[in-house]
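Input: a single structure, listed below in structure tokens.
The values are calculated or read from the model by the stated rules, or taken from the named source; none is laboratory data. All figures in this text were calculated on a predicted structure; none of them were measured in a lab. Note that each Cβ is placed from the backbone with ideal geometry, even for glycine, and that neighbours are counted across all protein chains shown. Keep in mind that these areas ignore ligands, DNA and RNA; they rest on the heavy atoms of the full protein, side chains included. Shrake-Rupley method; radii C 1.70, N 1.55, O 1.52, S 1.80 Å.
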Amino acid sequence: MKPILLQGHERSITQIKYNREGDLLFTVAKDPIVNVWYSVNGERLGTYMGHTGAVWCVDADWDTKHVLTGSADNSCRLWDCETGKQLALLKTNSAVRTCGFDFGGNIIMFSTDKQMGYQCFVSFFDLRDPSQIDSNEPYMKIPCNDSKITSASGEVLVNVKEHSRQINDIQLSRDMTMFVTASKDNTAKLFDSTTLEHQKTFRTERPVNSAALSPNYDHVVLGGGQEAMDVTTTSTRIGKFEARFFHLAFEEEFGRVKGHFGPINSVAFHPDGKSYSSGGEDGYVRIHYFDPQYFEFEFEA
């Protein structure tokens, strides 16, 4: 499994995201650059320039017309995917940590950090109403008690606490019936999307920064490693920065992929399940196409 190495960032990768078809891969990092790549060969298609701080999150809408980014420069920006033109700039009082589109691509959501005396909020804007954008007034704004939302999905219907430390990432399954969480408590956990019932736990010895579910196999990939400030030169040799594959039902690890020279901050499966990508603290994004043995592999319980 020879990876395709994407070199387009000068700082640590914060998030990577495929569009729905999987032909494009969007990457953001602690530099102000937003990159888009062809996932098939790793060719850089373009950049979205405008942010002035670390970019924490990125999302593309259903038909890949628009791209949404959130940054530590206290702004959330909407871009035309094809031309790279900035369509909207929403200014906030603190860093934008997570952002996303709804299914129709008409409603955008983003969460802001609690910092400099400002509360943590989740804001919702309807793009069909230009006045909301012009006045920078969301139609719904939900205050949160925690310092920041590191992953976001009004009113609280169900609240579960299964992790003992911060949750770094939440990713849905292809059919949206389940989601997987990645946490600093060294585990990733599988939940039912409707009831939030905890179903499975995948345990490691290190903080888990990101986890993703395969769209066509009962597999989950975990990325993580030590805290960036604890990293030593020996860590790479010991294999602390591998992507780890677990079986969804048996909660057993069955494979590891080396490559990064620091913790993995974001992982994503290609929508067709034939490859996955990882973005690391080392500033590199790696696209891995699975060998034929992966598809023939049968787990023996």
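In cubic angstrom, how much convex hull volume per residue do the alpha carbon atoms of the chain span?
Taking only Cα atoms, the chain has a hull volume of 132 Å³ per residue.
For the ranges 108-117, 79-88, what's the packing order if you count other beta-carbon atoms within 10 Å of each residue, average per peptide, and put the highest first?
Answer by packing, highest mean first, reads 108-117, 79-88.
Between segment 79-113 and segment 275-301, what's the alpha-carbon centroid distance in Å?
After rounding, the separation between the Cα centres reads 29 Å.
Skip the ligands, DNA and RNA, and give the accessible area per residue of segment 158-300 with a 1.4 Å probe, whole Å².
47 Å²
Find the Cα radius of gyration of segment 252-301, compare it with 2.2 N^0.38 Å by division, and give the number to two decimals.
Working it through for segment 252-301, the quotient is 1.27.
Give the total of Lys-Lys pairs in segment 11-149 with Cα-Cα distances below 18 Å; include a pair only if its members are 8 or more places apart or on different chains.
Lysine pairs satisfying the spacing and distance rule in segment 11-149 number 9.
For residue 189, go through the aspartates and glutamates and keep the ones whose alpha-carbon is under 18 Å away, minus same-chain ones fewer than eight residues off.
Result set, ordered by chain and number: 162, 169, 175, 197, 205, 218, 251, 252, 253.
I'd like to check one number: the per residue accessible area of segment 11-149, probe 1.4 Å, reported in Å² as a whole number.
The answer is 45 Å² per residue.
Treat each spin label as a single point 7 Å out from the Cα along the C-beta direction, and report the residue 261 to residue 87 distance in nm.
If labels sit at residue 261 and residue 87, their model points lie 3.9 nm apart.
Cα convex hull of segment 54-149: how many Å³ per residue?
88 Å³
Could you check how much of the accessible area of segment 158-300 is carbon and sulfur, as a whole percent, using a 1.4 Å probe?
Ligands and nucleic acids excluded, carbon and sulfur give 48 percent.
When the accessible area of segment 11-149 is split by element with a 1.4 Å probe, what percent falls to carbon and sulfur?
C and S atoms contribute 49 percent here.
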